[in-house]
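Visitor: There's a structure below that I have some questions on.
The values are calculated or read from the model by the stated rules, or taken from the named source; none is laboratory data. Here the structure is a predicted model, which means the values were calculated and not measured. All Cβ positions, glycine included, derive from the backbone under ideal geometry; neighbour counts span all protein chains shown. The accessibility values were calculated without ligands, DNA or RNA, using every heavy atom of the protein model including side chains. Shrake-Rupley method; radii C 1.70, N 1.55, O 1.52, S 1.80 Å.
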Amino acid sequence: MEYYIKSEAENYSKILNDYQQLLDKLVEKYKANKDKYSSIVLFATGSSSNAAYGAVPYMTERLGIPVYVEEPSIAANYHSNFRDDILYIAISQGGHSASTIKVVKELVDKNIDVFVLTSDLESPIAKTNASMISMGFGIEEMPYVTLGYSITILLLILFAAEASYQTGTIAKDLYEEDKKELGIIADNLPSVVNLAEEWTNQYLEQNTDIERLFFIGYGAAYGVAREGETKVTETDHITAQGKELEEYMHGPYIGLHNSDHFIFIEPQGKLEERSQKLEKFLRLHSDHITVIAKNKVLNPKDEVLDLKINVNELFAALFMTIPVHLLAFKLSKVVNNNLEVITYPEFDEITASKI
């Protein structure tokens with residue numbers, strides 16, 4: 001897990017060089033049907049869903065049409081009205097998700113445009129006759145995916161950048177500025193890893209009694225908060241939740257305990273002042289408040305991790321998940337959970353959630 005986190009910089013650079021070839025079929029399909037497509041739907045579960053939420057704000061902003069994330073199980077079993085004016089993209093890194101395969105098969109049978117983003121072109125989902133998009137980095141040999149999560153976000157953002165530019169939705173100067181900022185992120189990822197490692201070690205020294213951990217985010221950082229819930233729950237077996245800023249403020253805050261730990265994912269975006277108000281409230285009731293910031297925060301308090309990357313907030317999920325992933329990994333050692341041992345080996349045998 002640690003190896004894949006630290007290999008993101010190398011893989012980002014590779015994807016930034018190869019993305020036009022990887023995404024060519026998808027971009028051409030979008031160009032040919034731009035006037036037809038009213039929206040885009042991303043089918044995903046687990047970390048793939050978290051990654052999708054991390055990319056949606058940029059995709060929506062640049063493409064100028066709504067982009068939605070949907071659970072494939074709900075869609076396959078309860079949504080019968082698939083439409084040909086929607087571009088469907090299914091995300092399944094390993095290619096074995098039963099619910100994603102089911103909805104893709106149904107779309108193929110109905111002759112509706114659907115593309116699949118996967119790292120394994122020999123997997124069961126690759127046999128559905130849908131159009132495949134290789135993730136371009138090989139197969140991640142670890143069930144707690146980190147690199148694949150990040151590459152998913154990068155590819156979705158690059159698709160939106162390329163498609164919006166080639167269809168004239170955005171001007172060349174904005175397209176070039178976006179690509180420049182993506183390059184800045186890739187160049188600075190090793191520094192982000194170093195900052196995150198130092199912060200993670202300090203955080204775990206100061207917080208030895210974590211029972212409930214909440215990640216709070218907004219915009220692209222909402223996907224990071226969701227990923228925090230997924231990874232900490234998977235690797236550390238403690239209660240973790242990832243909440244959108246306003247979602248937490250509308251009900252869940254009433255159930256807070258003094259012992260709760262909170263990590264704000266702060267991308268310095270439109271809702272920064274709103275986020276600071278929630279932080280101010282929580283500090284009245286909890287001594288365990290931490291902020292992971294993209295660059296700098298307003299009125300910084302103790303325990304702020306400054307990742308020192310000053311780019312558009314829409315790119316936040318591309319690098320702000322690194323400390324979250326490292327925290328999940330290092331916490332697994334603290335709680336003595338061996339990630340090489342499958343916790344419930346009978347699960348897939350009984351549920352067949354993976355084919």
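Visitor: Residues to consider are 293, 328, 316; find the one that is under 30 Å from residue 62 (Cα atoms), touching a residue at least 60 places away in the same chain (Cβ under 8 Å) and of a type in the set (Gly, Ala, Ser).
Guide: 316
Visitor: Still on this structure, I have one more. Output the strands (runs of 3 or more DSSP E) that fall wholly within the range 27-123 and possess 3 or more residues being under 19 Å from residue 135 (Cα atoms), open to solvent by less than 10 Å² (accessible area, probe 1.4 Å) and touching a residue at least 12 places away in the same chain (Cβ under 8 Å), or say none.
Guide: In the range 27-123, the matching strands (runs of 3 or more DSSP E) lie at 39-43, 86-91, 114-118.
Visitor: Hey, does the range 5-18 have a residue that's open to solvent by 70 Å² or more (accessible area, probe 1.4 Å), touching a residue at least 12 places away in the same chain (Cβ under 8 Å) and under 17 Å from residue 159 (Cβ atoms)?
Guide: Checking the range 5-18: at least one residue is open to solvent by 70 Å² or more (accessible area, probe 1.4 Å), touching a residue at least 12 places away in the same chain (Cβ under 8 Å) and under 17 Å from residue 159 (Cβ atoms).
Visitor: Taking the residues in the range 45-63 that are under 18 Å from residue 97 (Cβ atoms) and hydroxyl-bearing (Ser, Thr, Tyr) as candidates, determine which candidate is farthest from the chain's Cα centre (by Cα).
Guide: 45
Visitor: Would you check if there is a residue in the range 153-164 being in a helix (DSSP H, G or I), open to solvent by 40 Å² or more (accessible area, probe 1.4 Å) and at pLDDT 95 or above?
Guide: No, the range 153-164 contains no residue that is in a helix (DSSP H, G or I), open to solvent by 40 Å² or more (accessible area, probe 1.4 Å) and at pLDDT 95 or above.
Visitor: When the range 136-186 is examined, which residues are found to be among the acidic types (Asp, Glu) and touching a residue at least 24 places away in the same chain (Cβ under 8 Å)? Explain how you work it out, then say what you get.
Guide: Filtering the range 136-186 down to residues among the acidic types (Asp, Glu) leaves 140-141, 162, 173, 176-178, 181.
Listed by number, the residues that qualify are 140, 162, 178, 181.
Visitor: Tell me, which strands (runs of 3 or more DSSP E) wholly within the range 252-311 include 1 or more residues that are out of contact with any Pro (no Cβ under 7 Å at 6 or more places or on another chain) and crowded, with 21+ Cβ neighbours inside 10 Å?
Guide: 261-266, 289-293
Visitor: Determine, yes or no, whether residue 317 is open to solvent by less than 80 Å² (accessible area, probe 1.4 Å), on the phi < 0 side of the Ramachandran plot and not in a strand (DSSP E or B).
Guide: Yes, satisfied.
Visitor: Let me ask you something else. Identify the residue in the range 203-226 that is in contact (Cβ under 8 Å) with a residue 60 or more places away in the chain and part of a helix (DSSP H, G or I) and, among all such residues, is most open to solvent (accessible area, probe 1.4 Å). First the steps, then the outcome.
Guide: Let us first name the residues in the range 203-226 that are in contact (Cβ under 8 Å) with a residue 60 or more places away in the chain, namely 203-204, 206-208, 210, 215-216, 219-224, 226.
Those still in the list that are part of a helix (DSSP H, G or I) too: 203-204, 206, 221-224, 226.
Working: 203: 4, 204: 25, 206: 102, 221: 0, 222: 42, 223: 0, 224: 0, 226: 52 Å².
Going through the qualifying residues, I end up with 206.
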